[in-house]
Amino acid sequence: MPKNIHLKDNPVLIEGAWEVCNQVGGIYTVIKSKILNVLSTFGDENYCLIGPYVSNNISAIFDPISDDGDDLISRTVRSLRSKGYEVHYGRWLVSGRPKVVLFKPYNEAWKLTDIKKSLWESHNIPSFDGDDLFDQTIMLSSQMTDFFTELDAVNNGERKILAHMHEWMAGIPIPEIRRKGLNIQTVFTTHATLLGRYLAMNDPEFYTNLEKGTYNWAKEAEHFNIKPQVSIERAAAHGAHTFSTVSRLTAVECKYLLGREINAIVPNGINIHKFEALHESQNLHQRYKEKIHEFVMGHFFQSYSFDLNNTLYFFTSGRYEYKNKGFDLTLEALARLNHKLRANNIDKTVITFFITKQDYNSINPIELESRAVLGEIRKICDAMEKSVGERLFYIASKGDVTETPTIEELIPESLRLQLRRTVQSWKTSRLPFITTHNLKDDNKDDILNFARKSGLLNYEGDKVKLVYHPDFVSSMNPLFGIDYDEFVRGCHLGVFPSYYEPWGYTPMECVARGIPAVTSDLAGFGDFVINDLKRTKVEGIEVIHRKHSDYSHSAEELANYLYDFVTMDRRDRISQRNIVEQSSYHFDWNELYDYYLEAYNLTLGND
């Protein structure tokens, strides 16, 4: 790992992405979480982000500022505005409040045809007709290119300028900077090759065929109807002074699918301070586990009950890519775990939550009704508790307590009957649902189809039970009533044995919250743990072997790890959670931002 890297030449850094002030996916987290480290290196005047003015929530996250400063960015903004450009210049309202320059993509709609023609003639980049997102990205890139052109003119060679662009959606300015001969050094980072993601989802021999050089990028891109995006990605990769990606795994994709070797690897970090709970970690786990208990009682106890004190909560989450995210392997391992626990008569229940996003019609109304009735049961029990306290105090205050009062003396018959009627009307003989929502096409859903095929249908005798929640977890969610961060803290283990994962924030964020996690050696994060930290295990992180292991062996390895985790003593799990949180410093930006500085120094030396 690089250490104590010092930036040379005091450059100005412009960092661009479609996800600047626009939360779409993981790149938003990457850029936002490292801002404090960037500012501590470059300073406020020498750093600015550039992106789209498209977020529905833009007024809450963007604060306009004046362009009357004497710094290079302010002078460039003034110059563009004097030429008729609509430039939104302000501060992004996140930690550090960095300066941002935003453009409305549709301001270039009047010349969209000319932009597409120029892309083809200058860089051999084809275009779609009628693809709104693609059109927005190239219209934004046209304005970004004009910004860099003006920036170079205003600078007039006085300062070193770095342009760091992320992903194909902000990639076009790089080949344009080279074509125009601007005095700007460029870095391009791909966080996942677009073609690699598609191939991994559709080819079970993806990694073998990749390293054999089997794929013809143009032919495959045509097949998946993504040739314009891949062409932009390739143009940016070949045009950049420094070409970077987030992991060694993605570097292999870049070599074979984009046709250029990587110059630098820039792993993703997190801001540990955001997650720190220190001595409160165990208390938070207990508090939010109680919230999950409430959901579980509403979801399962209507049909049958089990001991919550002997119940463990696992979860997996992410974009719905059944194979790429390892949902298939997780389910196979859970089926094997269920068999192992039953065969060995282990007195534990494992509930695994699948948190992802799928199209649905509504929350299952029976689920909501069950939660509502459980709420009524809670109210009756609270009334009973109050009655017991008041009656017991009254009897004791008379001083004639010779025997403990009976339940009949302490709780009115009306409350006892009300509780009995409510519980009896609530109980059902049906099995607990697997999914909490009514999916639009559940007959074609891979998670549900595996459950049906394997028999993981939440039978009472099963030790492993499934809850498939095809929506975000938030405090506004009527089923959980807690945010995703709180949900994670209430669980015992995160399971993410991905088949295709250029990095993988989810296991890293588990660790930062003090929750053990499983990843794989086909995830950039897992590869980083093995190769950069030089160990097969970091406290609380298990790396499942998938790279040179067949599916069945990987599933068995995962099932065995889960079995060992389930049978671990409770005291050992508590101890492990404390160690896990302490180990998370390995992944803090204070440790990992040096990789970026190393890439920038390399770029500055490529004049």
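Read-outs: derived from the displayed coordinates by stated rules, not from any lab. The model shown is predicted, which means the values in this text are computed figures rather than measured ones. Cβ sites come from the backbone with ideal geometry, for glycine too, and all protein chains shown count toward neighbours.
Provide, as a two-decimal number, the C-alpha radius of gyration of region 421-488 over 2.2 N^0.38 Å, N being how many residues it has.
Working: Rg = 14.4 Å, N = 68, 2.2 N^0.38 = 10.9 Å.
The value comes to 1.32.
Express as a percent, rounded to the nearest 5, the fraction of DSSP beta bridges in the chain (both residues included) that run antiparallel.
Working: 12 of 61 bridges.
That works out to approximately 20 percent antiparallel.
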**Report entry** Mean projected area in nm² (Cα convex hull; one quarter of hull surface) for region 1-129
**Finding:** 10.7
Query raised in the report: Rg to Rh for the chain: what is it, with Cα atoms only and Rh by Kirkwood?
Result: 1.04
Report summary line: The summed charge of the residue 347 Cβ neighbourhood (under 10 Å; Lys/Arg +1, Asp/Glu -1) stands at +1
Report summary line: Length-normalised contact order of region 319-478, Cα under 8 Å, at least 6 apart, in percent, tallies to 43
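What area, in nm² and to one decimal, does the C-alpha convex hull of region 187-282 cast on average over all directions? Mind showing how you got there, number by number?
Working: hull surface 34.0 nm².
Averaged projected area of region 187-282's Cα convex hull equals 8.5 nm².
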Query raised in the report: Ordered by packing density, taken as the mean number of other Cβ atoms within 10 Å over each peptide's residues, highest first, how do 307-318, 329-340 rank?
Result: 329-340, 307-318
Report summary line: With only helices counted (DSSP H, runs n ≥ 4, each -39500 (n - 2.57)), the per-residue ellipticity at 222 nm for the chain, to the nearest 500, works out to -14500 deg cm²/dmol
Report summary line: Mean separation of Cα contacts under 8 Å (at least 6 apart) over the residue count of region 148-216, i.e. the relative contact order in percent, is 31
Query - For region 124-232, with +1 on Lys and Arg beta carbons and -1 on Asp and Glu, the positive-most of 201, 136, 183 along the dipole - result: 183
Query raised in the report: What is the spin-label model distance, in nm, from residue 70 to residue 573 if the labels are put 7 Å beyond Cα along the C-beta direction?
Result: 6.3
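Taking 30 Å as R0, compute the FRET efficiency from the Cβ-Cβ separation of residue 133 and residue 6 and round it to 0.05.
Working: r = 40 Å, r/R0 = 1.33.
Using R0 = 30 Å, I get an efficiency of 0.15.
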Query raised in the report: log₁₀ I(q)/I(0) of region 53-109 at q = 0.12, 0.16, 0.17, 0.22 Å⁻¹, via Debye over equal Cα point scatterers, no solvent, to two decimals?
Result: -0.29, -0.51, -0.57, -0.90
Report summary line: Stokes-Einstein D for region 451-602 (25 °C, 0.890 mPa s, Kirkwood Rh from Cα pairs), in µm²/s, comes to 142
Query raised in the report: What is the Rg over Rh value, at two decimals, for region 308-378, using alpha-carbon atoms and the Kirkwood definition of Rh?
Result: 1.06
Query raised in the report: Using every alpha carbon pair in region 457-522, what percent of pairs falls into each 10 Å bin from 0 up to the bin containing the largest distance?
Result: 19, 38, 37, 6
Requested in this report: Quick one: what are the phi-derived ³J(HN,Hα) couplings along region 285-292, Karplus 6.51/-1.76/1.60 with θ = phi - 60°, whole Hz, x for glycine and proline?
Outcome: 4, 5, 5, 7, 5, 4, 5, 5
Requested in this report: Give the percent of DSSP beta bridges with both residues in region 1-105 that are antiparallel, rounded to the nearest 5.
Outcome: 45
**Report entry** Distance-filtered residues of region 285-307 - backbone nitrogen under 11 Å, label point 7 angstrom along residue 431 Cα→Cβ
**Finding:** none
Query raised in the report: When only DSSP loop residues count, what GluC sites (Glu not before Pro) in region 372-454 have their Cβ near at most 13 other Cβ atoms within 10 Å?
Result: 403
Report task. Could you calculate the contour length gain from residue 460 to residue 201, that is, 0.36 nm times the residue separation minus the distance between their Cα atoms, to one decimal place in nm? Result -> 89.8 nm
Report summary line: Along region 570-575, Karplus-curve 3J(HN,Hα) (6.51, -1.76, 1.60; θ = phi - 60°) to the nearest Hz, with x for Gly and Pro, reads 4, 4, 5, 5, 5, 4
Report task. List the residues whose amide H sits under 5 Å from the amide H of residue 465, counting only those 5 or more places along or on another chain, with H placed 1.01 Å from N in the peptide plane. Result -> 350, 351, 352
Report summary line: Here, region 360-463 modelled as identical Cα point scatterers in vacuum has Debye log10 I(q)/I(0) at q = 0.13, 0.16 Å⁻¹ of -0.69, -0.83
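Given a cut-off of under 8 Å on Cα pairs at least six residues apart, what relative contact order in percent is computed for the chain? Intermediate results must be reported in sequence, preceding the final value.
Details: 1041 pairs, mean separation 96.9, N = 607.
Computed value for the chain: 16 percent relative contact order.
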Report task. Using only Cα atoms, locate the centre of region 391-441 and the centre of region 487-538, then give the distance between them in Å, rounded to an integer. Result -> 43
